[in-house]
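These notes concern the structure reproduced below.
The values are calculated or read from the model by the stated rules, or taken from the named source; none is laboratory data. What you see is a predicted model; the values in this text were computed from it and never measured. Counting neighbours? That spans all protein chains shown, and the Cβs are built from the backbone with ideal geometry, glycine included. Just so you know, the surface numbers come from the protein's heavy atoms only, side chains and all, with ligands and any DNA or RNA stripped out. Shrake-Rupley method; radii C 1.70, N 1.55, O 1.52, S 1.80 Å.
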Amino acid sequence: KRKLNYFKDQNKNLTWWKSIFKNRIDKFEKILGRKGTILDVGCGPGFFLKYAKSRGWKIMGIEPSLKAYEYAKKKLNLNVKKLNIDQINKVGNLKFDVIYSHGVLEHLRKPIEYVNLLKIYLKKRGIIFSSVANDFNLFQYSYTHRKKIKPWWIIPPEHINYFNVSSIQKLFHKNGFKTKDVQTSFPIDIFLLMGIDYIGKKNLGKNAHNLRKKFEENLKTSGLEDLLVSLQKNFTKLNIGRQIDLIVQKK
């Protein structure tokens, strides 16, 4: 049920998502100096892969969810295999320029083994992109402290790993990678401190998201995209921002 809503919600937000995908692909091409091959681990319904393919990349995805796999395979006509992460060897003797995952590391019991497994499927100087939730940041802390409630983002067994800007980089640095780019997204938790309590009232979550989108879109249409980039860089330095996008490269 949650996955089906995800398909609908992401379709509604596809213009916004495409701007995020564009930013990510632009960075990959800048680091590599060219287009290349990309493996999306946990590709979901395949919206990112569809965009990457439209940009001239050779794509492949693996996805354990049957509904998401069928959506990517049948509706979007993408090169996707129904595999769990521990079945990645079934992609064969292929190596990729980029291995991409969004919202995967939070769920894994053995993230270090996963990182080392990916090395096998990376080309020399290949890069890994990981997007993870930025948990235990100060905006979250302020809200839980004032409300005297437990952190709502601690949700085992769904999420069993929790990262910040420093710890996600350490995971990769200690296992043979160097950071090429790190960026946090808009700190949506800021709305909690403004009284938009989307934790207590779930229906307010979409309102907060739409305000965030409008804020970003208005900066871009005003010719102030450089300001948005600067804000994101400073969010990263302050370890605020809801999501961490990390690009690392094999040493």
Examine region 110-125 for a residue that is open to solvent by 70 Å² or more (accessible area, probe 1.4 Å), at pLDDT 90 or above and under 16 Å from CYS43 (Cβ atoms), and state whether such a residue exists. no
Within region 57-68, identify whether any single residue is open to solvent by less than 50 Å² (accessible area, probe 1.4 Å), at pLDDT below 95, in a helix (DSSP H, G or I) and of a type in the set (Ser, Thr, Tyr), and answer yes or no. no
Pairs with Cβ under 8 Å, 6+ apart, first in region 53-70 and at positive phi, second modelled with pLDDT of 95 or more and open to solvent by 30 Å² or more (accessible area, probe 1.4 Å): GLY56/LYS35
Give the residue that is farthest from ASP135 (Cα to Cα), with candidates limited to residues of region 176-203 that are part of a helix (DSSP H, G or I) and open to solvent by 40 Å² or more (accessible area, probe 1.4 Å). MET194
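Conditions tested, residue by residue: (1) under 22 Å from the mean Cα position of the chain (by Cα); (2) in contact (Cβ under 8 Å) with a residue 12 or more places away in the chain.
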{"residue": "MET194", "(1), (2)": "no, no"}
{"residue": "ILE199", "(1), (2)": "yes, yes"}
{"residue": "GLY205", "(1), (2)": "yes, no"}
{"residue": "ALA208", "(1), (2)": "yes, yes"}
{"residue": "LYS214", "(1), (2)": "yes, no"}
{"residue": "LEU228", "(1), (2)": "yes, yes"}
{"residue": "THR236", "(1), (2)": "yes, yes"}
{"residue": "GLN243", "(1), (2)": "yes, yes"}
Residues of region 152-175 being among the small types (Gly, Ala, Ser) and surrounded by 14 or more Cβ atoms within 10 Å (Cβ to Cβ), in sequence order, are SER167
Just give me the residues in region 22-55 being open to solvent by 50 Å² or more (accessible area, probe 1.4 Å) and among the polar types (S, T, N, Q), in sequence order. ASN23, SER54
So PHE129, is it open to solvent by less than 10 Å² (accessible area, probe 1.4 Å), within 26 Å of GLY241 (Cβ to Cβ) and in a strand (DSSP E or B): yes
What number of residues within region 78-101 are small (Gly, Ala, Ser) and touching a residue at least 40 places away in the same chain (Cβ under 8 Å)? 1
